[in-house]
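Participant: A single structure is presented below for examination.
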Amino acid sequence: MATSSAQFASEFSNPNLEVLLSEEQIQARIKELGTQLTHDYAGLNPLLIGVLKGACFFLSDLMRAIDTRVSVEFMAISSYGSSTRTSGEVRIMKDLDVPIEGRHILVVEDIVDTGLTLSYLLANLHARGAASVKLAALLDKFERRQREVQIDYLGFRIPDEFVVGYGLDFAERYRNLPFIAVLKDPNAD
Ligand code: 5GP
C-alpha cells in the first residue's frame with residue numbers, strides 16, 4: 001500500500017500552525033483558575049458541566065486543579081453553520097443525566113465566540129432551577145460577540161482568528177495538540 005510521508009509527519013510542529021498559547025501558559029493559567037474556584041466553591045459541591053467535545057481537555061485539567069468536592073456531567077450541543085463559523089441555531093444532542101434543581105452549576109466551555117451557543121445554554125440551565133449558573137471559558141474571542149455572555153472564570157482573551165488545539169478542532173483534527181494555535185490555511189494538508 002502506498003503511503004505518503006505527510007501521514008507520518010509531526011502534527012505538533014505542523015508548519016500550518018502558529019502557536020498562540022503554549023502548553024506552559026495554559027497550564028499555569030488553569031492552576032490560577034483552580035485556586036480561585038477552590039476558594040469560591042468551597043462547601044458548595046458544584047456540578048461542572050463540560051460541553052463536548054472541545055471542552056474535555058480544559059475540563060479535565062481544571063477539575064484536577066480544584067481542591068474541593070465537585071461532580072461532573074457532560075452535554076453535547078450542535079450549532080449549525082460552516083466548520084469555521086457558527087450560525088446561531090443550537091440543538092442539544094446529549095442532555096444531562098441528572099436534575100440540577102438547587103445545584104451550583106459551573107459550565108466549562110472551550111471558547112466563547114459569538115456567544116450564541118452559551119447564551120442559549122446558560123438560559124436553558126437557569127430555567128431548570130439551578131441555585132447558580134456560572135461559566136468558565138478557556139478562550140474569549142470578544143471581538144466577535146453578538147450576544148452578551150458573562151464569563152465568570154476566563155483563561156485568555158484572544159484575537160479574531162480561527163484557533164485549534166487543546167480540544168479545539170478543525171474537521172475533528174488537531175484536538176490533541178497540547179497548545180493553542182492559529183490555523184493559518186484551513187485548506188492546507
Ligand atoms: P459561539 O456560539 O460562541 O459562536 O461558538 C462557540 C463554539 O464555536 C465553540 O464551542 C467552538 O466549538 C466553535 N468555535 C468558535 N470559534 C472557534 C475557533 O476559533 N476554533 C474552533 N476550533 N472552534 C471555534
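The values are calculated or read from the model by the stated rules, or taken from the named source; none is laboratory data. Just so it is clear, the structure is predicted and the values come from calculations on it, not from any experiment. Glycine also receives a Cβ, built like all others from the backbone with ideal geometry; neighbour counts cover every protein chain displayed. Side chains are part of the model used for accessible areas, which takes the heavy atoms of the whole protein and leaves out ligands, DNA and RNA. Shrake-Rupley method; radii C 1.70, N 1.55, O 1.52, S 1.80 Å.
Participant: Rule-of-thumb check for the chain: C-alpha Rg over 2.2 N^0.38 Å?
Facilitator: For the chain, the normalised Cα radius of gyration comes out at 1.06.
Participant: Just grab the label-to-label distance for Phe12 and Asp67, each label 7 Å out from Cα along the Cβ direction, in nm (one decimal).
Facilitator: Calculated label separation equals 2.9 nm.
Participant: What number, rounded to the nearest 500 deg cm²/dmol, is the helix-based mean residue ellipticity at 222 nm of the chain, given -39500 (n - 2.57) per DSSP H run of at least four residues and division by all its residues?
Facilitator: -6000 deg cm²/dmol
Participant: Taking Lys53 as the anchor, which aspartates and glutamates have their alpha carbon closer than 14 Å to its alpha carbon, excluding any fewer than eight residues away along the same chain?
Facilitator: Hits, sequence-local ones excluded: Glu73, Asp95, Glu109, Asp110, Asp169, Glu172.
Participant: Work out which helices of the chain, taken as complete DSSP H runs, extend at least 24 Å along their axis over the Cα atoms and score a mean Kyte-Doolittle of -1.0 or more, then list them.
Facilitator: The answer is none, since no helix passes both cut-offs.
Participant: Another question about this same structure. Could you run the Karplus curve 6.51 cos²θ - 1.76 cosθ + 1.60 with θ = phi - 60° over region 65-72 and give me ³J(HN,Hα) per residue in whole Hz, x for Gly and Pro?
Facilitator: Ordered by residue, 3J(HN,Hα) equals 9, 9, 9, 8, 5, 9, 10, 9 Hz.
Participant: From the phi of every residue in region 171-177, what ³J(HN,Hα) in whole Hz does the Karplus formula 6.51 cos²θ - 1.76 cosθ + 1.60 yield, where θ is phi - 60° and glycine or proline is x?
Facilitator: For region 171-177, the Karplus-derived couplings read 6, 6, 9, 6, 4, 7, 5 Hz, x marking Gly and Pro.
Participant: Also, quick follow-up: Let me spell out the model: positive unit charges on the Cβ of Lys and Arg, negative unit charges on the Cβ of Asp and Glu, origin at the Cα centre of the chain. What dipole size does that give, in debye rounded to 20?
Facilitator: 340
Participant: In the neighborhood of Arg157, defined by Cβ-to-Cβ distances under 13 Å, what is the net charge if each Lys or Arg adds +1 and each Asp or Glu adds -1?
Facilitator: -1
Participant: Keeping every protein chain present and rolling a 1.4 Å probe, give me the accessible area per residue for region 117-189 in Å².
Facilitator: 47
Participant: Now for a separate question. What's the magnitude of the charge dipole for region 136-181 around its Cα centre, counting Lys and Arg as +1 and Asp and Glu as -1 at the beta-carbon? Answer in Debye, nearest 20.
Facilitator: 40
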